[in-house]
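First up is the structure itself, then whatever we jot down about it.
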Amino acid sequence: MTSAVTPAVTPAVEPATRLPLIGDRAPDFEADSTHGPVRLADYAGRWLVLFSHPADFTPVCTTEFVAFAELAQEFAARDVALLGNSVDSVHSHLAWIRAIEDKLGVKIPFPIIADLDTRVSRAYGMLHPNASATAAVRAVFVIDPESVVRAILYYPMNAGRMVPEILRLVDALRTADRDGVSCPANWRPGDDVLLGAPKTQAEVEARMADERLKLVDWYLAALPGHGA
């Protein structure tokens, strides 16, 4: 009699998630939030700033939410939606934003995703195991009206974000898209913008003869003051 040989069982390995990159279509999601169910599709046709925080009722996160709330009207004036995310529950989020309003006098006007199953956090690479296995780092994804990821920022848990920089980044992206230009270091709305470097001899000669430009060299030319 021959005995059956039971094949070795290989433990299932959860497939690695490819983190979204600049230029990728933003991962779709559907989740509960403090404003009810939200989906990525709800923001089609608008710019979206999706940002994560490690946990409710924590000092740095509280200051960040106050900072986002203080600039919420500036984002709204640009038709930019704000959407927070963490692995806390809806009830925790609601209690926290009520505490912020009660103690600091600041109302949080944007929704916060309750990502208890971590689906949104994992899809967007917000969980970094060397920082925490369960809490999201301070990630920011700027998503354009076509649902394409245009910018990504990551901050550690012990350093808060500069929210005016996120607003400036959105202004720069919108200006670049509208005018076909690039924005230099430290650019702010109304500052000069840059043109791409010429690719042919004819383009170089045209560039050198263009009296509209602030010309430093054939490859480095600025157009005077452009707003967002």
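The values are calculated or read from the model by the stated rules, or taken from the named source; none is laboratory data. Small disclaimer: the values here were computed from a predicted structure and weren't measured. So basically every Cβ, Gly included, is an ideal-geometry build from the backbone, and we count neighbours across all protein chains shown. All accessible areas refer to the heavy atoms of the entire protein, side chains included, with ligands and DNA or RNA removed. Shrake-Rupley method; radii C 1.70, N 1.55, O 1.52, S 1.80 Å.
Is it the case that some residue within the stretch 28-51 is in contact with an Asp or Glu (Cβ under 9 Å, 6 or more places away or on another chain) and at pLDDT below 95? No: zero hits. Evaluation of I152 against the conditions (1) over 17 Å from the mean Cα position of the chain (by Cα); (2) open to solvent by 40 Å² or more (accessible area, probe 1.4 Å); (3) of a type in the set (A, V, I, L, M, F, W, C) shows that the sole unmet condition is (1). In the stretch 79-102, the count of residues that are open to solvent by 40 Å² or more (accessible area, probe 1.4 Å), assigned to a helix (DSSP H, G or I) and among the basic types (K, R) is one or more.
If you check A176 against the conditions, is it of a type outside the set (V, I, T), modelled with pLDDT of 95 or more and open to solvent by less than 60 Å² (accessible area, probe 1.4 Å)? Spelling it out, A176 is indeed of a type outside the set (V, I, T), modelled with pLDDT of 95 or more and open to solvent by less than 60 Å² (accessible area, probe 1.4 Å). D117 is checked against (1) farther than 25 Å from R168 by Cα; (2) at pLDDT 95 or above and fails just one. What number does that condition carry? It fails just one condition, (2). Does R122 qualify as being open to solvent by 70 Å² or more (accessible area, probe 1.4 Å) and either outside any loop (DSSP other than H, G, I, E, B) or in contact with a His (Cβ under 6 Å, 6 or more places away or on another chain) (or both)? Taking the combined requirement at face value, the residue satisfies it.
Scanning the stretch 157-173 for residues being within 15 Å of the chain's Cα centre (by Cα) and open to solvent by 10 Å² or more (accessible area, probe 1.4 Å) gives a total of 10. For the stretch 174-219, filtered to residues that are part of a helix (DSSP H, G or I) and within 30 Å of G45 (Cα to Cα), the residue that is farthest from the chain's Cα centre (by Cα) is D179. Checked against the criterion of being touching a helix residue (DSSP H, G or I) at 6+ places or on another chain (Cβ under 7 Å) and open to solvent by 50 Å² or more (accessible area, probe 1.4 Å), the candidates F68, F29, F57 yield just one match: F57. (1) under 27 Å from D28 (Cβ atoms); (2) touching a residue at least 60 places away in the same chain (Cβ under 8 Å); (3) open to solvent by 50 Å² or more (accessible area, probe 1.4 Å): which one isn't true of T63, the others all being true? Going through (1) under 27 Å from D28 (Cβ atoms); (2) touching a residue at least 60 places away in the same chain (Cβ under 8 Å); (3) open to solvent by 50 Å² or more (accessible area, probe 1.4 Å) one by one, T63 breaks only (1).
Against the criterion of being outside any strand (DSSP E or B) and within 24 Å of A26 (Cβ to Cβ), P145 qualifies.
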